[in-house]
Every structure is written in structure tokens, then in C-alpha cells.
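To start, the structure itself, in C-alpha cells.
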Amino acid sequence: MTTLQERWQSVMDEVRTWARTNSPWVIHFNSGSCNGCDIEILATITPRYDLERFGVKLQGSPRHADVLLCTGPVTRQARERLIRIYEQMPEPRFVVAVGSCALSGGAFQGGYNIMGGVDQVIPVDAYIPGCPPRPEAIIDGVVKLLQSLQPALED
Amino acid sequence: MDTTEALALAKEVAGAWTWETELVEPEENRLDIHLKNAGDLAAAATEIQANRLGYLAAITGIDLGAEAGELEALYHFCQAGAVITLRIRLPRENPVVATLTGIIPGAEPFERELSEMFGVTVEGLRAPNHLYLPEDWPDEVFPQRKDFDPAVLDGEAERSV
């Protein structure tokens with residue numbers, strides 16, 4: 001690679017990092033949750049708590065998303081579907097587990113029909129505890145994830 | 001028809017039956033009809049429907065344990081605030097019961113759930129596949145029986161990414 005190409009590459013990498021940390025596009029997946037966490041995520045995106053000021057936009061397709069927000073204890077039936085969605089996301093991709101069911105199975109821990117948390121199925125980057133977590137807690141978790149992304153993406 | 005009327009009518013109707021029954025009132029708004037012969041179930045359900053004693057609200061099951069050697073299937077009919085339950089005992093070794101979908105088409109999801117959770121063979125179901133259990137569930141493993149061992153599922157599905 002010539003130095004001009006290298007310089008262009010590093011500029012593009014910086015632009016990409018800037019774009020990903022300043023405007024992470026999100027896909028939300030419910031793997032068997034009671035919908036409590038889903039309602040709180042929806043509330044966080046509305047203008048009152050406004051996750052959109054961080055550039056977070058809810059997408060309809062995993063192929064357009066940087067971050068997967070996953071709720072629910074991952075039922076055995078949802079497991080295959082969750083893996084399929086995770087594999088459709090282009091790299092670099094990040095997973096946030098929202099709510100105590102997604103962390104460890106929550107109230108259903110030990111149940112015969114659940115995997116017991118999102119990290120039993122796919123690797124997770126951030127955990128947001130709560131049942132359900134308040135929108136403030138969700139914002140805190142997302143901001144912490146974005147702050148941790150900056151050094152990681154600059155490598 | 002309100003709760004007391006429904007219960008009174010149910011007691012009258014069930015009392016007039018010639019099949020072997022035992023009537024128990026465990027709570028104020030409930031009437032349990034224990035049917036001694038499982039084969040009387042369809043006829044009893046038809047009678048309950050004919051007298052407009054309620055809609056089939058749920059079909060549940062009880063595992064009475066390995067020593068008792070029996071499973072119990074309960075058919076709950078609700079009318080106003082009253083719950084009228086038909087209870088039948090089935091042998092644990094080969095629990096077979098005829099389907100009610102000919103009389104009550106809405107019984108299908110309950111019967112499929114009963115068959116996959118307790119292992120009761122419901123004869124006459126048009127689609128006897130798993131309803132709630134996943135496709136890769138091991139055969140002959142019934143989660144709601146008392147002798148279900150969750151260790152059977154270890155190694156069934158592991159992290160793959």
C-alpha cells in the first residue's frame with residue numbers, strides 16, 4: 001500500500017469509528033420476554049427520554065444495524081432465530097442484554113424451556129440489569145457501551 | 001345465569017347422571033365432578049354444553065406421582081363466576097383419552113399441550129405435534145411430570161457463536 005493509500009485508509013477508519021460511535025443503529029429482538037423490557041426500550045426512544053440524541057435509530061433489519069438490543073431469557077425455540085439474526089448483522093457488531101431475564105434467565109432461571117440469558121447463545125458486550133430497567137438505566141448502559149467502543153474501534 | 005344459579009344447575013344435572021361420579025365442592029364457586037370412567041368424558045362434556053353450563057376454559061393435568069401410578073386430567077368449564085370441573089384419572093403407563101374436538105373444536109390447543117407436557121395420548125387429534133415445546137425437544141420427555149430430570153436437556157443446545 002502506498003503512503004497515500006495508507007493515509008486515506010486511516011482517515012476512512014476514523015470516519016467509520018466516528019460514525020459508529022456517534023450514530024449506532026439498533027435492532028431490537030425479543031427472545032421470549034414478557035414485554036416489560038421492550039416497553040421500557042420503546043419509552044427510551046420516545047422524545048421524553050430521547051435515546052435519539054445519541055444517534056440511536058431503530059432499524060427494521062439486522063443487516064442495517066450496529067447494535068443488537070436483546071430482551072428475554074432466550075427460550076429454546078427463539079435460540080435458533082436469535083443466532084440467525086446475530087449472524088446477519090455486519091461486523092463490527094455489539095450486543096446489549098437488557099433486563100434480568102436477558103442477563104441470567106431472571107425469574108425463570110432453571111426453567112426447562114429457556115437457555116438462561118443471552119450470553120448462553122451469543123457473546124454480549126453490555127448488560128443492563130433491572131426488571132424492567134428504567135429508561136435512565138438503559139440510557140446509562142448504551143452510553144457506557146458507546147464510550148467503550150471508541151478505543152476498541154480505533155485499533 | 002349467575003354463579004349460584006350455574007352451580008345449582010350443575011349439581012342438579014350431574015346428580016341425575018347414571019354414570020359413576022363423585023361431586024366435591026372444594027371452594028364456594030367450584031364444583032368438581034370426578035368421573036370414575038374415563039370413557040364417560042365425551043358424554044359428560046356434551047351434557048354440560050347442552051345445559052349451557054359454561055365454556056371450556058382450560059384443560060389441565062396433575063401428575064399424582066409414581067407410587068399412585070396415575071395422572072389426572074381436568075376439564076374446566078366456566079359460567080359467570082362458577083367453575084365446573086370434570087376430572088378423570090388415567091393410568092401412568094399408557095394414558096389414553098379421546099379428543100373433545102368433535103364436540104368442542106377449541107379444545108385442540110389444550111389437548112396438544114396436555115399430550116406434550118404429560119405424555120397423555122389424545123386419540124383423534126388432527127395435528128398431534130408439539131405446540132409449545134421446541135422442534136429439537138427429545139422424545140418421550142415430559143416436562144410437567146414429577147420425574148422430569150432437567151439434566152436430560154444438558155448438551156441439547158449449546159452456544160454456537
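Numerical summary
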quantity	calculated
Residue in the range A:50-66 that is surrounded by 20 or more Cβ atoms within 10 Å (Cβ to Cβ), more than 14 Å from chain B (Cβ to nearest Cβ) and of a type in the set (Asp, Glu) present	yes
From the options A:Val26, A:Val15, residue that is touching a residue at least 24 places away in the same chain (Cβ under 8 Å) and not in a loop (DSSP other than H, G, I, E, B)	A:Val26
Subset tally (residues that are touching a Leu at 6+ places or on another chain (Cβ under 9 Å) and within 11 Å of another protein chain (Cβ to nearest Cβ)) for the range A:70-81	3
Qualifying positions in the range A:84-114 - touching a residue at least 60 places away in the same chain (Cβ under 8 Å) and among the aliphatic types (A, V, I, L, M)	A:Met89, A:Val98, A:Ala102, A:Ile114
Selection status of B:Val122, touching an Asp or Glu at 6+ places or on another chain (Cβ under 9 Å), closer than 30 Å to A:Glu80 by Cα, touching a residue at least 24 places away in the same chain (Cβ under 8 Å) and more than 14 Å from chain A (Cβ to nearest Cβ)	yes
The one condition in (1) aliphatic (A, V, I, L, M); (2) within 14 Å of chain A (Cβ to nearest Cβ); (3) more than 18 Å from B:Leu64 (Cα to Cα) that B:Ala107 fails to fulfil	(2)
Residue satisfying all of: in the range B:135-148; surrounded by 14 or more Cβ atoms within 10 Å (Cβ to Cβ) and touching a residue at least 60 places away in the same chain (Cβ under 8 Å); nearest to the other protein chains (Cβ to nearest Cβ) among these	B:Gln144
Every pair of residues 6+ apart whose Cβ atoms lie under 8 Å, when the first sits in the range B:18-32 and is of a type in the set (Phe, Trp, Tyr) while the second is part of a strand (DSSP E or B)	B:Trp19/B:Leu35
Residue within the range A:55-63 that is touching a helix residue (DSSP H, G or I) at 6+ places or on another chain (Cβ under 6 Å), touching a residue at least 24 places away in the same chain (Cβ under 8 Å) and within 17 Å of A:Ile83 (Cα to Cα) present	yes
Test: B:Val152 is farther than 25 Å from B:Pro26 by Cα and modelled with pLDDT of 85 or more	no
Positions within the range A:32-54 being in a loop (DSSP other than H, G, I, E, B), closer than 25 Å to A:Glu80 by Cβ and of a type outside the set (Gly, Ala, Ser), in sequence order	A:Cys34, A:Asn35
Residues located in the range A:93-142, provided they are within 14 Å of chain B (Cβ to nearest Cβ), over 15 Å from the mean Cα position of the chain (by Cα), hydrophobic (A, V, I, L, M, F, W, C) and not in a loop (DSSP other than H, G, I, E, B)	A:Phe108, A:Ile114
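The values are calculated or read from the model by the stated rules, or taken from the named source; none is laboratory data. Here the structure is a predicted model, which means the values were calculated and not measured. Every residue, glycine among them, receives a Cβ derived from its backbone with ideal geometry; neighbour counts consider all protein chains shown.
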